[in-house]
1. Hey, how much of the P(r) for the range 91-161 falls beyond 19 Å, as a percent of Cα pairs?
2. What trypsin sites (Lys or Arg not before Pro) in the range 4-43 are in a loop by DSSP, with at most 12 other Cβ atoms within 10 Å of the Cβ?
3. Which is farthest toward the positive dipole end of the chain among GLY72, ILE273, MET18, measuring Cα position about the Cα centre, with Cβ charges +1 (Lys, Arg) and -1 (Asp, Glu)?
4. Starting from the range 125-191, pick out the trypsin sites (Lys or Arg not before Pro) whose DSSP state is loop and whose Cβ has at most 12 other Cβ atoms within 10 Å.
5. Using Cα positions and a limit of under 29 Å, work out the lysines in reach of LYS267, with same-chain residues fewer than 8 apart set aside.
6. When we measure straight from the Cα of LYS210, which aspartates and glutamates land under 16 angstrom away, once same-chain ones fewer than 8 places off are left out?
7. Could you give the alpha-carbon Rg of the range 4-173 over 2.2 N^0.38 Å, rounded to two decimals?
8. Convert each backbone phi in the range 31-45 into a coupling constant with the Karplus relation 6.51 cos²θ - 1.76 cosθ + 1.60 (shift: θ = phi - 60°), then list the ³J(HN,Hα) values in order as whole Hz, x for Gly and Pro.
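No lab work stands behind these numbers, since they all come straight from the coordinates. Please read these numbers as outputs of a predicted model, since none were measured by experiment. Heads up, the Cβs are rebuilt from the backbone with ideal geometry, glycines too, and the neighbour counts pull from every protein chain shown.
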Amino acid sequence: MKRTAIVGTGSFLPEHIMTNFDIEKFLDTTDEWIFTRTGIKERRIADKNEATSDLCKVASERALDAAGMKAGDIDLLILATITPDTHCPAGSNWLESKLGCTNAVSFDVTAACSGFVFALHVADNLIKAGANKKALVVAGEIMSRVVNWKERESCILWGDGAGAAVVTESDAGAQVLSTHIHTDGPGGETLLMPGGGSKTTPISYESVDKGLHYLKMIEANKSFKVAVTRFAEACEEAVAFNGHTIEDVDLIIPHQANLRILQGMAKKLAVPIEKVYMTIEKYGNISSATVPIALDEAVRDGSIKKGSLVLLTAFGGGLTWGSSLVRW
């Protein structure tokens, strides 16, 4: 069996910072109300001229540089996103062109907030099967363009950004010990974008007026409980599969959904919250991109050291959830 490794990571956040105090200026809310319920103080917002592929391009270049590779070395490019530049061509196709990945095949993975873990699973298995050797796994979102900025409960959560990892067939680097993914289709309607697809009316004045193209959260309290449970299950699955216990893990890097969800996950796993790496306060929820952004920051700030056992985990719309155990 071939072994795969993460040999470089990168991330990119737009320059513009939107604080809770900025939101107070146009929405009936307060910094205290937002922070108490979400753990978020600020989030990044993409410039009007930036597309998702633009954010991903910078994150990818940084990951390639960390890996000591060039775009032409990559033979597989997977982009996890629910906010691609266009639905056709795929967001990954735009990114492939901008990076100059002339030797790569590219495609998108749509798994909402679990997108990076799903994309890593695909790359890991394609490399192990011998189909590819050097993969660029990217996740990027411009969530600020798919939320209704008049809906207080939802719009306060989201931000924009991108993260990337270079994954290769290698016995060196951070070894991807295993990846695990799951879905629950019947539960998918708790987080959805109802407009623009084949199920409902195509984009029209009527659908736009009804706000059908905004991301909608339904039964948030129910989703909270499910998220905590699935997060914990995914973590336990990954460590058990590799003959470890949760106590062996040095750092948990979860999808940054909501501070209370992450606290609930830590409690359910009986691990100290200090073992959970968090960026939620300064970046908010960037859907698929939160895991690779946090991973890159943890690598660069020294939170991940040689020999560290790192657990990646995510839960999102679909419903989707998954995990990956990596030995640095």
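1. 47
2. On the way: sites: LYS25, ARG37, LYS41, ARG43; in loops: LYS25, LYS41.
Sites meeting the loop and neighbour criteria: LYS25.
3. Of the listed residues, the answer is ILE273.
4. In loop regions of the range 125-191 (DSSP not H, G, I, E or B), the sparsely surrounded trypsin sites (Lys or Arg not before Pro) are LYS150.
5. LYS41, LYS216, LYS222, LYS225, LYS275, LYS282, LYS305, LYS306
6. Correct list for LYS210: GLU151.
7. For the range 4-173, the normalised Cα radius of gyration comes out at 1.12.
8. 4, 4, 4, 5, 5, 4, 8, 10, x, 9, 10, 7, 8, 9, 10
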